[in-house]
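Asker: Questions regarding the structure given below will be posed in turn.
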Amino acid sequence: MRITIIGSGYVGLVTAAGLAETGADVVCMDIDSARTDALRAGRIPFHEPGLDELIARNRERLRFVSDMAEVVDTLPDVTFVCVGTPSAPNGSADLSAVDAACCSFAQHASERPDAPWRSPILAIKSTVPPGTCDAIEKLLHATVPWPRIEIVSTPEFLKEGSAVHDFRRPDVVVVGRDPRSAAIDAIDRTMRELYAPCLRTHGRLILTDRRSSEMAKYAVNSALAVRISHMNDVAMLCDLAGADADIVRTVVGSDERIGPRFLFPGVGFGGSCLPKDTRAMIAMARRHDVRLPMVEAALDANRRQADMFCAMADKALFGSDAPIAVWGLAFKPGTDDVREAPALVLVRHLLGQGVTVRVHDPKAMDAARRALADVDGPRLEWAEDRHEALEGAGVLALLTEWPVYRSMDWRRVAETMAGPGAVLDGRNIWDPEVVRAAGLSYRGVGRR
Ligand code: NAD
């Protein structure tokens, strides 16, 4: 099958490489020509475990281009749109990149009147509000009457850090199409065939209408956000009531009706999806003149969590001019993505207070340098090594639970830090007793 992908980011590249591994010929297009050049030279523009090997293994079926004409030249059966949908200033999803990608594809396709098209499929993987596919279809059919492009919604559920695994073994694949389309049987056949290798032993394919498919993605992300924020509410109360949030979490997660995943109290959720998708849902509801109190509360609690951690750091630093070491900048382990990472909120806050901040992350240093370029200066120090970050520091704050931070020599940590160092465990990964035994003070989230 001939596949093209528009947008070579986390979603686009993983999809491209994953489909190439199933035998498809894939052309990957991105308007960022520097990114395309890097990919052609074999450089992967971000950290995603296993992706470089996957791309290297399937190189002969992967081509990287920056020109939409080359996408259309291949007469693709399916073109996946995987461009970003960031938050607009009012919180809604900014669809300009999706619109631009679809219009450009249609325009180029219409310039090939001799092409033997069989209703090319534009499959929208970007996260878009319900009604977006309908609107794109209307726009394309009004402006580009030929060829008839079938617009399909197929939201992506992969998780950064395990994206390659998630592509191969998705829990669910959703395909939303217009039930009135004359090509619906062909669409279903094509999409089934395309996803079949990933669904042989695991997961399910749900064929539905486009709006339900689009909405399902927001429902999943808001459910995760609510779950995390609820547990952070519980953790705050644990702290005030003298209970241990880690024990409480274990009990809650042992209940089969609830389950253990996405229950960890901490400094709050970040990343490129949960914050922006919950904001977009709230904006969608506003347009329908309703409110989503649960989703709004999840976002409020998330902001409170970040503020609370900043206040904990202020308290731990009080009266000292020693630097603070911040371990972990990525929004979660396994990725170098720092979009809306809680660590960046803390770093900006501390720099604003005049504190010297020494940061370390095993993978996200370059991404963080770019994201913090506007506040970079002599008080923001970039440590090559986790212990180097600790030298003379009065406080150690952990923001991302990378495996390399889990098993520490606490005597060495205490000796490297200045005075009776304070440890702020923003992910509750360390044993308070063990940390204290080394002469350090310990604060976690919902546990003392
Ligand atoms: P990304 O920012 O990593 O990549 C987007 C890419 O699209 C960039 O390389 C950009 O240069 C390119 N692009 C932008 N406009 C373009 C255009 N007009 N033509 C061609 N290329 C263009 O984004 P991402 O994280 O891969 O997310 C893509 C979409 O998938 C978003 O809607 C996101 O919400 C959704 N999503 C992301 C994840 C995730 O974990 N990152 C998971 C599920 C869904």
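Asker: Do you know which of the residues in segment 21-37 that are among the β-branched types (V, I, T) and within 11 Å of the ligand (Cβ to nearest atom) is surrounded by the fewest Cβ atoms within 10 Å (Cβ to Cβ)?
Answerer: I31
Asker: Just checking, does segment 372-383 include any residue being under 26 Å from A225 (Cβ atoms) and either at pLDDT 95 or above or not basic (K, R) (or both)? It would help to see each step written out before you state the result.
Answerer: Within segment 372-383, the first condition is being under 26 Å from A225 (Cβ atoms), and the residues that meet it are 372.
Subsequent filtering for residues that are either at pLDDT 95 or above or not basic (K, R) (or both) retains 372.
There is at least one residue in segment 372-383 that is under 26 Å from A225 (Cβ atoms) and either at pLDDT 95 or above or not basic (K, R) (or both).
Asker: Oh, and also: Given R348, R379, R370, which one is in contact with a strand residue (DSSP E or B) (Cβ under 8 Å, 6 or more places away or on another chain) and basic (K, R)?
Answerer: Among R348, R379, R370, only R379 is in contact with a strand residue (DSSP E or B) (Cβ under 8 Å, 6 or more places away or on another chain) and basic (K, R).
Asker: State the number of residues belonging to segment 278-290 that are more than 25 Å from the chain's Cα centre (by Cα) and on the phi < 0 side of the Ramachandran plot.
Answerer: Within segment 278-290, residues that are more than 25 Å from the chain's Cα centre (by Cα) and on the phi < 0 side of the Ramachandran plot number 3.
Asker: How about segment 202-225: which of its residues are in a helix (DSSP H, G or I) and of a type in the set (S, T, Y)?
Answerer: S212, S213, Y218, S222
Asker: Shifting gears a bit: Give A123, A97, A163 a once-over and let me know the one that is within 16 Å of the ligand (Cβ to nearest atom), touching a Gly at 6+ places or on another chain (Cβ under 8 Å), touching a residue at least 12 places away in the same chain (Cβ under 8 Å) and hydrophobic (A, V, I, L, M, F, W, C).
Answerer: Being within 16 Å of the ligand (Cβ to nearest atom), touching a Gly at 6+ places or on another chain (Cβ under 8 Å), touching a residue at least 12 places away in the same chain (Cβ under 8 Å) and hydrophobic (A, V, I, L, M, F, W, C) holds for just one of A123, A97, A163, which is A97.
Asker: Taking the options A330, A322, name whichever one is within 17 Å of the chain's Cα centre (by Cα) and part of a loop (DSSP other than H, G, I, E, B). Don't jump to the end; show me each part of the working.
Answerer: Working: A322 fails: within 17 Å of the chain's Cα centre (by Cα).
None of the others qualify; the one that does is A330.
Asker: If I ask for residues that are among the charged types (D, E, K, R), under 20 Å from the mean Cα position of the chain (by Cα) and assigned to a helix (DSSP H, G or I), which ones from segment 226-277 would you list?
Answerer: Start the filter on segment 226-277 by keeping residues that are among the charged types (D, E, K, R), which leaves 227, 233, 239, 244, 246, 249, 255-257, 261, 276-277.
Filter again for under 20 Å from the mean Cα position of the chain (by Cα), leaving 227, 261, 276-277.
Across segment 226-277, the qualifying residues are R227, K276, D277.
Asker: From the list A69, A142, exactly one residue is more than 17 Å from A16 (Cα to Cα), exposed (fewer than 15 other Cβ atoms within 10 Å of the Cβ), small (G, A, S) and free of Cβ contacts under 8 Å to residues at least 12 places away in the same chain. Which is it?
Answerer: A142
Asker: Also, I was wondering about something else. Quick one: F80 ticks every box in (1) within 25 Å of the chain's Cα centre (by Cα); (2) surrounded by 15 or more Cβ atoms within 10 Å (Cβ to Cβ); (3) near the ligand (Cβ under 9 Å from one of its atoms); (4) closer than 15 Å to S126 by Cβ except a single one, so which number is it?
Answerer: Looking at each condition in turn, F80 falls short on (3).
Asker: Across segment 297-311, which residue is surrounded by the fewest Cβ atoms within 10 Å (Cβ to Cβ) among those that are more than 20 Å from the chain's Cα centre (by Cα) and over 18 Å from Y405 (Cβ atoms)?
Answerer: Among those residues, the one meeting the criterion is A311.
Asker: Any residue in segment 329-336 that is touching a helix residue (DSSP H, G or I) at 6+ places or on another chain (Cβ under 6 Å) and either away from the ligand (no atom under 16 Å from the Cβ) or at pLDDT 95 or above (or both)?
Answerer: Checked against the condition, which is being touching a helix residue (DSSP H, G or I) at 6+ places or on another chain (Cβ under 6 Å) and either away from the ligand (no atom under 16 Å from the Cβ) or at pLDDT 95 or above (or both), segment 329-336 yields at least one hit.
Asker: In segment 11-28, how many residues are small (G, A, S), out of contact with any helix residue (DSSP H, G or I) (no Cβ under 6 Å at 6 or more places or on another chain) and under 24 Å from D337 (Cα atoms)?
Answerer: Count: 2.
Asker: Looking at segment 144-200, which of its residues are among the hydroxyl-bearing types (S, T, Y) and under 29 Å from F262 (Cβ atoms)?
Answerer: S153, T154, S162, Y195 - these are the residues of segment 144-200 that are among the hydroxyl-bearing types (S, T, Y) and under 29 Å from F262 (Cβ atoms).
Asker: Now a separate question. Tell me yes or no: at least one residue of segment 174-186 is touching a strand residue (DSSP E or B) at 6+ places or on another chain (Cβ under 9 Å), assigned to a helix (DSSP H, G or I) and touching a residue at least 60 places away in the same chain (Cβ under 8 Å).
Answerer: yes
Asker: A follow-up question, please. Kindly indicate which of G18, G12 is near the ligand (Cβ under 9 Å from one of its atoms), of a type in the set (G, A, S) and assigned to a helix (DSSP H, G or I).
Answerer: Values: G18 fails: near the ligand (Cβ under 9 Å from one of its atoms).
Exactly one of G18, G12 is near the ligand (Cβ under 9 Å from one of its atoms), of a type in the set (G, A, S) and assigned to a helix (DSSP H, G or I), namely G12.
One line per residue, one yes/no per condition, for (1) farther than 24 Å from D239 by Cα; (2) surrounded by fewer than 19 Cβ atoms within 10 Å (Cβ to Cβ); (3) among the polar types (S, T, N, Q):
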position: A330; (1), (2), (3): yes, no, no
position: V338; (1), (2), (3): yes, no, no
position: P342; (1), (2), (3): no, no, no
position: V359; (1), (2), (3): yes, no, no
position: W382; (1), (2), (3): yes, yes, no
position: E391; (1), (2), (3): yes, yes, no
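Asker: Could you list, in sequence order, the residues of segment 220-267 that are surrounded by 16 or more Cβ atoms within 10 Å (Cβ to Cβ) and touching a Ser or Thr at 6+ places or on another chain (Cβ under 8 Å)?
Answerer: N221, S222, A225
Asker: Another question, if that's okay. Exactly one condition in (1) at negative phi; (2) touching a Gly at 6+ places or on another chain (Cβ under 6 Å) is not met by G334; state its number.
Answerer: It is condition (1) that G334 fails.
Asker: Take the residues of segment 127-139 that are closer than 10 Å to E214 by Cβ and within 16 Å of the ligand (Cβ to nearest atom): which is surrounded by the most Cβ atoms within 10 Å (Cβ to Cβ)?
Answerer: The extreme case among them is C133.
Asker: Considering each residue of segment 231-267, count those that are of a type in the set (D, E) and in contact (Cβ under 8 Å) with a residue 60 or more places away in the chain, and give that number.
Answerer: So the count comes out to 4.
Asker: Of everything in segment 38-54, what is closer than 22 Å to R2 by Cα and within 15 Å of the ligand (Cβ to nearest atom)? Give them in sequence order.
Answerer: L39, R40, L51
The values are calculated or read from the model by the stated rules, or taken from the named source; none is laboratory data. All values reported here derive from a predicted model rather than from experimental measurement. Methodologically, a virtual Cβ is constructed for each residue, glycine included, from the backbone with ideal geometry; neighbour enumeration extends over all protein chains shown.
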